[in-house]
Every structure is written in structure tokens, then in C-alpha cells.
Number of protein chains: 2
Amino acid sequence: MSDHQQRRTSPPSGHSGDALPPVEQHAQQYETVRNAHETELIEDYVELIGDLIRHRGEARAADIANRMAVSQATVSKMIRRLNELGLVTSKPYRSLFLTEEGQKMAETSRARHDIVLHFLRALGVDDSTARIDAEGMEHHVSDKTLTIMQRFTEQQIK
Amino acid sequence: MSDHQQRRTSPPSGHSGDALPPVEQHAQQYETVRNAHETELIEDYVELIGDLIRHRGEARAADIANRMAVSQATVSKMIRRLNELGLVTSKPYRSLFLTEEGQKMAETSRARHDIVLHFLRALGVDDSTARIDAEGMEHHVSDKTLTIMQRFTEQQIK
DNA sequence: GATAATTGTTAGCCAAGGCTAAACTGTTTG
DNA sequence: CAAACAGTTTAGCCTTGGCTAACAATTATC
């Protein structure tokens with residue numbers, strides 16, 4: 001427990017930066033990030049699968065591998081995991097489908113992704129930078145912030 | 001290679017969402033995110049160590065463990081890594097110091113963190129949400145976007 | 001100053017997400 | 001229709017970053 005207050009060698013002398021948040025809050029920040037990391041990749045795969053189905057009619061392992069810049073073996077393994085998680089259905093050597101739940105996740109992810117992407121563009125970020133940043137940021141933006149971003153984008157447009 | 005165009009089962013029928021980016025660009029997005037992940041944790045540790053030193057005069061493994069909500073064993077192991085990477089110096093059972101390079105990293109991370117945090121607040125996000133989101137987002141915001149965020153924040157203030 | 005409490009380290013485990021190489025399946029084509 | 005090729009899967013490896021349990025060192029306390 002201890003966050004031992006005693007004997008601080010030199011007091012803050014705050015030349016810049018905010019104070020440290022209280023331990024519990026600080027801990028929760030990191031925990032939230034760690035949790036996000038666990039679902040992040042899963043969501044990326046599901047989102048991409050959804051996009052591929054939407055845009056090309058099917059999702060094949062090879063395409064996923066190419067677009068993710070990852071080996072096919074990795075994709076194959078991941079698909080097994082998605083299967084176990086009940087997010088996709090797949091028969092060996094056949095192309096994939098999203099389950100009900102998978103579709104929901106894809107939908108949510110894509111919506112979030114779009115909000116962040118459009119927000120960044122509305123902010124004035126160039127397209128290719130916005131795409132890269134959005135890909136990384138999307139999993140770390142809370143619903144509250146998302147709402148604010150969306151409002152901002154709409155106001156910018158009209 | 002193939003991103004096989006032939007025989008798409010059903011054409012887009014784009015009811016929503018942008019088109020898929022070209023494969024190379026798409027791949028690069030994911031690669032950027034993966035790379036960010038590798039350095040992310042390292043940066044978080046270094047940043048926290050820097051903050052602890054700044055605010056309390058020293059960084060002890062127990063404090064790091066508490067603030068990260070992680071076991072002491074994990075911290076200990078991580079410190080060994082940071083050592084190997086030349087980011088901290090540490091003698092067993094003694095508190096840590098950042099190397100030149102570690103300080104630079106801490107500094108950069110903190111600056112980035114602050115920009116994102118202040119930006120979110122300027123956008124209208126409440127403090128505790130902003131803190132959580134900033135923690136996750138900071139590693140995925142490019143320098144370009146960072147600059148834009150900073151400008152935005154400044155304009156909001158005056 | 002001996003002992004208790006706190007802090008730090010080590011050993012050994014686990015899951016995730018990469019990889020390559022090799023085996024297998026399905027499809028195309030000579 | 002057999003062979004070649006493209007796509008998929010499996011096996012087995014590696015690194016990271018968690019964990020617990022056991023042990024070691026330091027610091028505090030009586």
C-alpha cells in the first residue's frame with residue numbers, strides 16, 4: 001500500500017507539469033489502458049473483417065494478412081481465437097463470416113473509428129496522418145470524449 | 001501479395017463508411033500501431049519514474065507498482081529491461097535514476113501527455129475522463145497532430 | 001542490536017501475438 | 001485428370017509482460 005510521504009528528498013518545486021494524481025486514480029488509468037490493449041487487437045481484426053466483407057463481399061485470410069502486414073500463420077491463429085470467442089464462424093479453407101456478436105463489434109468499432117477519423121480531419125489534420133492516428137487512438141477514446149468529438153465535427157462542417 | 005480483385009461476390013453497395021484504403025497504406029497504419037505498442041509501456045514506465053523523481057525526489061519500485069497497479073515482481077523485471085535499454089541506472093535495493101537518455105524520453109513523454117491532456121480539457125472533456133483517455137491516446141498521436149492540438153488549446157484559452 | 005515489517009529480487013509459470021517452415025487443401029490449367 | 005500453384009493450417013519457436021511464491025536485503029521498532 002504505502003505511498004510513503006515521509007522524507008521526500010526534495011519537494012516538488014513544480015517547475016512544470018501537473019501534480020501526480022492520487023494513487024488509486026493513477027492506477028486506474030493504467031489499468032484502463034491495459035484492458036484496452038487486450039481487446040484492441042481483437043477489435044481491429046473484427047473491424048477489418050467487417051470492412052472486407054462490406055467492401056469486397058468476403059474476407060479471406062490472405063487479404064487480412066496483407067492489410068495487417070502480418071503472416072498468414074498469424075492470421076490463421078487469430079481466426080481460431082476469434083472463433084473461440086464466438087465472433088466469427090469459419091470452416092477450414094473457407095472464407096469467414098461474422099457472428100451476430102462479431103457484427104455488432106465490427107459495427108461499433110467502425111463507428112468509433114469513423115468518428116475519430118472525421119474529428120481529426122475537422123481539426124485540420126491531413127488525411128494520411130489522420131488515418132494513422134485514428135487507427136491507434138480509436139481504442140482509447142471513451143464514449144464521453146467520442147460524443148464531444150462528434151459534436152465538434154458536426155459544428156465544424158456546418 | 002494478391003489482393004485479388006476478381007470475382008467479388010457482391011459489390012460494395014456503400015451504405016456507409018469510407019472506402020478501404022489501398023493495401024500498402026492500410027498495412028502501414030497497422031504497422032505503426034504495432035510499433036507504438038512496443039515502446040508504449042517502456043515510455044509509460046520511464047515517464048512515471050520521471051514524474052516520481054520530480055514530485056517526490058525519488059522513484060521506488062513499490063511506488064511504481066502501486067501506481068501502475070502491477071506486482072512488484074513485474075516492476076523489478078521491467079527495471080532490469082530499462083537498465084539493459086540504457087534508460088535507467090539502478091543498484092539493487094536502491095532507488096532509481098534516469099540516464100541522460102531516460103530523462104530525454106521522460107521529458108518528451110510528459111510533454112506529449114500534457115499536450116493531449118490539456119487539449120482534451122480544452123475540448124470540453126471532464127478532468128477524470130481526460131486523464132484516462134490521455135493516458136491511452138498519448139502514444140498514438142503523431143507530432144503533426146500534436147502541434148495542431150497544442151494550437152487549438154492555446155486558442156481556446158485566450 | 002535483535003526482530004519485525006517493508007521492500008526488492010529471483011525462479012518459474014502462463015497467455016498473447018508475432019515468426020518460419022512444412023504439410024495440407026482447393027483451384028486452375030496444361 | 002494430373003500437376004502446379006495459391007491459399008490455409010499446423011507445429012514449434014521466441015519475446016513481452018503479466019502473475020505467485022519463496023527468498024534476500026533494508027529499514028524501523030522495541
Restricted to the stretch B:135-148 and to residues being surrounded by 22 or more Cβ atoms within 10 Å (Cβ to Cβ) and out of contact with any His (no Cβ under 6 Å at 6 or more places or on another chain), the residue nearest to the other protein chains (Cβ to nearest Cβ) is B:140
Which residues, taken from the stretch B:50-61, are more than 17 Å from residue B:109 (Cα to Cα), within 7 Å of another protein chain (Cβ to nearest Cβ) and in contact (Cβ under 8 Å) with a residue 12 or more places away in the chain?
B:58
Name, by its number, the condition in (1) more than 10 Å from chain A (Cβ to nearest Cβ); (2) within 27 Å of residue A:127 (Cβ to Cβ) that does not hold for residue B:111.
(1)
Quick one: residue A:155 ticks every box in (1) crowded, with 18+ Cβ neighbours inside 10 Å; (2) within 24 Å of residue B:146 (Cβ to Cβ) except a single one, so which number is it?
(1)
Enumeration of residues in the stretch B:47-66 that are basic (Lys, Arg) and away from DNA strand C (no atom under 13 Å from the Cβ):
B:54
Could you please let me know if residue A:44 is within 12 Å of another protein chain (Cβ to nearest Cβ), within 9 Å of DNA strand C (Cβ to nearest atom) and modelled with pLDDT of 95 or more?
yes
For the stretch A:67-93, enumerate the residues that are within 11 Å of DNA strand C (Cβ to nearest atom) and within 13 Å of chain B (Cβ to nearest Cβ).
A:68, A:69, A:70, A:71, A:72, A:74, A:75, A:78
I'm told residue B:10 meets every condition in (1) outside any helix (DSSP H, G or I); (2) small (Gly, Ala, Ser); (3) modelled with pLDDT of 95 or more except one. Can you identify the failing condition by its number?
(3)
For the list (1) outside any helix (DSSP H, G or I); (2) under 23 Å from residue B:40 (Cα atoms), I need the number of the one condition that residue A:43 fails.
(1)
I want to confirm something. Restricting to the stretch B:80-109 and keeping residues that are more than 18 Å from the chain's Cα centre (by Cα) and acidic (Asp, Glu), which single residue is farthest from DNA strand D (Cβ to nearest atom)?
B:100
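The values are calculated or read from the model by the stated rules, or taken from the named source; none is laboratory data. Treat the numbers as computed from the prediction; the structure is a model and nothing was measured. Methodologically, a virtual Cβ is constructed for each residue, glycine included, from the backbone with ideal geometry; neighbour enumeration extends over all protein chains shown.
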